1. So in the range 210-221, with the set limited to residues that are part of a loop (DSSP other than H, G, I, E, B) and in contact with a strand residue (DSSP E or B) (Cβ under 7 Å, 6 or more places away or on another chain), which one is surrounded by the most Cβ atoms within 10 Å (Cβ to Cβ)?
2. Would you mind finding the one in ARG265, ARG273 that is assigned to a helix (DSSP H, G or I), in the same structural domain as GLY191 (by TED's automatic domain parsing), charged (D, E, K, R) and surrounded by fewer than 17 Cβ atoms within 10 Å (Cβ to Cβ)?
3. For the range 187-200, name all the residues that are in contact with a Ser or Thr (Cβ under 6 Å, 6 or more places away or on another chain) and under 20 Å from ILE161 (Cβ atoms).
4. Return yes when MET164 is part of a helix (DSSP H, G or I), out of contact with any Asp or Glu (no Cβ under 7 Å at 6 or more places or on another chain) and under 25 Å from ARG273 (Cβ atoms) and no when it is not.
5. Among the residues of the range 135-158, count how many are among the hydrophobic types (A, V, I, L, M, F, W, C) and either crowded, with 19+ Cβ neighbours inside 10 Å or outside any helix (DSSP H, G or I) (or both).
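The values are calculated or read from the model by the stated rules, or taken from the named source; none is laboratory data. For clarity, every value in this text was computed on a predicted model and none was experimentally measured. Positions of Cβ are generated from backbone atoms using ideal geometry, with glycine treated the same way; all protein chains shown enter the neighbour counts.
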Amino acid sequence: MSPCTKPIIGTHRPLCGVESCDNPMHRVSNIEGLIPHYTVHLIEEDKSKNTIRSYLADIKTFVKWIGNIPPIKIKALDIADYRDELFTAGKSPATIRRALVTLQRLFDWAIKQGAMLENPAVNIKPIQQEPLAPRSLAVEEQETLMMTVQRIGTDRDKALIALMINTGLRVSEVTALRTEDVSDTVTVRHGKGGKQRIVPLNKPARRAMRTYLANHEDEMLFLSMKGKPLSDRGVRYILDKYTDAAKMDRISPHILRHTCATNMRLAGQPLERIQAILGHTNINTTARYTIPSENDLRAAVESVA
């Protein structure tokens, strides 16, 4: 590869100014041109499929808003305007923060690749909000959901939902499970960051799993109706089916994870144990569950009504 030293502004000539440069990143003429290269970078960084999907969705939403312009023409004022546009559109502070972080990481990477000169998102402040614990199901909602699953659910669905709400596994971890991974514990072989952990099953999860496994001989633990490994989307479809039947608001698989963590916190379990079960690298992530949730605040207000 030809030497590339001083970057210069331009969209047709390579940013390094060396006409014979064969670094494709130095010839990117629009922001969409970054996406395929950045996708490869995320894969090489061993990011999960869900993380990559989330990053790319945020980036494509930004590109749709700003237009497919050269990346070097994106300024800090553009990022601030985009933040304000998201807020005006009713996006939550958490969603806006995630979008800004995604852009910051993209631009940091682009600078290292020689496709940009500076990071226009680095000093843009997110929308401030008093922190709340992640959304979880209230006790009444949990009971309604589980009663509905018990009433009309298949053995697979009973085992799936009991596993998720009682262990807090990520949906990507659940769909990667093999039948041999389950006994009185579940072995997560492909946790976030490639880390492995063992999570004990409590009585409701063991009962549902034993019933399901009595007639299950496939290699993968959970299969779709077509006999293929259950996908993340398939899990969401199953949850939609039962929340609709229970006349509840639809929930994401991650809400079951939050519910498990919240239940353990309310039962007085130490943060270190919750951290180990959830597979959090940083205990500060687990500490979010010590913050009052929206349900907690609602109950506090109702207590003086």
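1. This residue is LEU221.
2. Answer to the check: ARG273.
3. VAL199, PRO200
4. The answer is yes for MET164.
5. Of the residues in that region, 5 qualify.
Residues checked against (1) among the small types (Gly, Ala, Ser); (2) outside the structural domain of THR290 (by TED's automatic domain parsing); (3) closer than 30 Å to THR259 by Cα:
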position	(1), (2), (3)
ASP46	no, yes, yes
SER54	yes, yes, yes
PRO70	no, yes, no
THR102	no, yes, yes
ILE111	no, yes, no
GLY114	yes, yes, no
